[in-house]
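Shown next, in structure tokens, is the structure this report addresses.
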Protein chains: 2
Amino acid sequence: MDEQRTEIASLGEFGLIDHLTRNNETMQAGTMLSVGDDAAVIDQFGKQTVISSDMLLEGIHFDLAYTPLKHLGYKAVAVNLSDICAMGATPTHITLNIGISNRFSVEALDEFYEGVYAACARYNVDLVGGDTSSSQKGFVISVTAIGEVSPGEYVTRSGAQKNDLICVSGDLGGAYVGLQLLEREKRIFLENPGVQPTLQDKAYIIGRILKPEPRTDIVSWLQEKEIKPRAMIDISDGLSSELLHICKQSGVGCVLHEDKIPMHNETREMAFEFNIDPTLCALSGGEDYELLFTIAQEEYEKIVLSEQISVIGYITDAAEGAHLLSRQGNKHKLTAQGWNAFEA
Amino acid sequence: MDEQRTEIASLGEFGLIDHLTRNNETMQAGTMLSVGDDAAVIDQFGKQTVISSDMLLEGIHFDLAYTPLKHLGYKAVAVNLSDICAMGATPTHITLNIGISNRFSVEALDEFYEGVYAACARYNVDLVGGDTSSSQKGFVISVTAIGEVSPGEYVTRSGAQKNDLICVSGDLGGAYVGLQLLEREKRIFLENPGVQPTLQDKAYIIGRILKPEPRTDIVSWLQEKEIKPRAMIDISDGLSSELLHICKQSGVGCVLHEDKIPMHNETREMAFEFNIDPTLCALSGGEDYELLFTIAQEEYEKIVLSEQISVIGYITDAAEGAHLLSRQGNKHKLTAQGWNAFEA
């Protein structure tokens, strides 16, 4: 970006779109028509269409001080695909709208789109449309993801039943401590610009916040093993908040075992360094984009085959409420401490 | 809005979404799952899915000084449905993402959503998802529209053939002069806040800019009469810009007859008052959201049955270029003077 700077105005609106979509290859057989017309046409071959939409705003959802644009593009796609996964569906297409101020160069936008296309390629998803506008201030990103699922096979938040096992993929809390670390390094840098951050041994947790991965692998694995979750959600706001969504929408309660919550060593160590309870990072941290789901007890034998899935509790009657059973054997009421976008 | 002000923070993120979607009724039989889960599920019954996405940013696409929020909500939906119409498809669903700063009250948002739901109801479209975020500055709107069309029946920009007739629905230029009028009244108001604008006899052109209507009626009519346009586009950037899109993507040229361009009397009068050539308003004004399409000459007998459709020219070989034939019989080269979002 230091070597060359092409002004967006020099391409014009349509030139910019041509430029940004010049490497856009479609992979889905069902993509009848992609970028370059008024809309995209998708043939779903008798499958059901799943669609989800998310917006990312500069200063609210990301800080360009420590978010490389390529990672931002990747993440903008990834978090939307994660919503499709949370339905037990397979993502197939996205549309992308962006608003950019004139402080962005074409090269900067290229970096962003490199990340977008990398995520599309990684997850076999077609970018089939969207809109590019100028914005007065700040970078604005809006993604809509489309997915498919066999008729009736989608998984909602409302199907959990008493005695179901509560399962989660991967590990939790990493994105939260990764964000704390980036925020700390930003403060140090602002106070003392000569100091280079030492993040080498923190690759895992930084990857968790900057480059989340939607768990399409878990969805495929569940389909292969013919395990149909009764309820499912992806973890964007934190384990407790998401679990409470399932409980509320299913009309059930739950018991969560603190000692079963999967955490990476790097997450645990970083939490201790920050003097935060690691469990709190998992419960309230958010942005891990793992899948949280419940299954019938009979499915337990199948689930244990996956190293990527942990059983962390069970569903109860609604009357019993939602609780965390601590390592010490104490029962704590579970509260949603997930991020509230509108609190000061 | 003067009587009551509910702070968004008082509802919380999920409370706000519940509040905003409380009157959201689904109408499509194919809506298996709507707002309230990670994604929406749509059954298309063997039809093809059409999807289009657009972003509207405060200060760029709209000015809240003279845009009532209800109209803004209506328009945000309408312009996306217009893209679906431009494919010859029938809109069925939308998703809506918004970013709002804390200067908005719940009542203000309600007004916006009133317009959104009014457009959905008017066009029998379901709002099936989306995201509500806080923004640091400015109101941000992103809509994705989904539509359906029988397999293979969608209309692109690239099918125009030599000797095709060029047709347009409704009339043109009204939105442009309407916008000029609102801008003038805003300037007068800012200079002299005591002066009330006199817009009573300007209802048509103000409606054109503030409350555009997607031409689903034209799409239905064409289907009924079994007229399949060869190329189609909706007029968001102005007639000349859109016609040049069709010519470029179809590899053809065109002759446009100035005297055939349909214009409303109020548009013409307002243009004269502003000392602008009315034809220029139609060619370069944009935001009329009418449908521009080409048909084979054999279809002419069917087209003349509609008072809503005008034949305004014909398609030529690419080598002949794109021209406007003026009232005086002079040939002018057609240039795209459509709005360029990135020019200062």
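The values are calculated or read from the model by the stated rules, or taken from the named source; none is laboratory data. Please read these numbers as outputs of a predicted model, since none were measured by experiment. Reconstructed Cβ throughout: ideal geometry from the backbone, glycine too, with neighbour counts over all protein chains shown.
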Residue selected from segment A:78-126 under the condition hydroxyl-bearing (Ser, Thr, Tyr) and surrounded by fewer than 24 Cβ atoms within 10 Å (Cβ to Cβ), by the criterion farthest from the other protein chains (Cβ to nearest Cβ) = A:Tyr117
message = Against the definition (in a helix (DSSP H, G or I), farther than 20 Å from A:Val143 by Cα, under 15 Å from the mean Cα position of the chain (by Cα) and of a type outside the set (A, V, I, L, M)), how does B:Gly73 come out, yes or no?
response = no
query = When you go through A:Glu191, A:Glu153 one by one, which is the residue that is more than 14 Å from chain B (Cβ to nearest Cβ), among the charged types (D, E, K, R) and on the phi < 0 side of the Ramachandran plot?
reply = A:Glu191
task = Taking B:Lys162 as the residue in question, decide whether it is modelled with pLDDT under 90, surrounded by fewer than 21 Cβ atoms within 10 Å (Cβ to Cβ) and more than 18 Å from B:Val219 (Cβ to Cβ).
result = no
ask   = With respect to B:Glu213, is the statement that it is away from chain A (no Cβ under 13 Å), closer than 28 Å to B:Val311 by Cα and free of Cβ contacts under 8 Å to residues at least 24 places away in the same chain true?
value = no
message = Name the residue that is farthest from the other protein chains (Cβ to nearest Cβ), counting only residues in segment B:138-150 that are buried (at least 17 other Cβ atoms within 10 Å of the Cβ) and outside any strand (DSSP E or B).
response = B:Phe139
query = Can you pull out the strands (runs of 3 or more DSSP E) entirely within segment A:261-344 that have at least 1 residues that are of a type in the set (Gly, Ala, Ser) and crowded, with 18+ Cβ neighbours inside 10 Å?
reply = A:309-317, A:322-325
remark   = The condition from (1) farther than 28 Å from A:Ser101 by Cβ; (2) surrounded by 23 or more Cβ atoms within 10 Å (Cβ to Cβ); (3) over 20 Å from the mean Cα position of the chain (by Cα) that A:Gly129 misses is numbered (1)
key: Residue count, segment A:201-222 (criterion: farther than 21 Å from A:Ala119 by Cβ and at pLDDT 95 or above)   = 1
task = Please enumerate the residues belonging to segment A:230-250 that are touching a Phe, Trp or Tyr at 6+ places or on another chain (Cβ under 7 Å) and either surrounded by fewer than 23 Cβ atoms within 10 Å (Cβ to Cβ) or closer than 12 Å to A:Ser158 by Cβ (or both).
result = A:Ala231, A:Met232, A:Ser236
ask   = If you check B:Val177 against the conditions, is it of a type in the set (Val, Ile, Thr), at negative phi and in contact with a Cys (Cβ under 6 Å, 6 or more places away or on another chain)?
value = yes
key: Selected residue [within 22 Å of the chain's Cα centre (by Cα), among the hydrophobic types (A, V, I, L, M, F, W, C) and farther than 23 Å from B:Ala78 by Cβ] from B:Ile166, B:Ile235, B:Ile206, B:Ile188   = B:Ile166
key: Complete set of residues in segment A:93-122 that are in a helix (DSSP H, G or I) and under 16 Å from the mean Cα position of the chain (by Cα)   = A:Gly115, A:Val116, A:Ala118, A:Ala119, A:Cys120, A:Arg122
inquiry  = When you check A:Val128 against the structure, is it in contact with a Phe, Trp or Tyr (Cβ under 7 Å, 6 or more places away or on another chain) and either part of a loop (DSSP other than H, G, I, E, B) or in contact (Cβ under 8 Å) with a residue 24 or more places away in the chain (or both), yes or no?
reply    = no
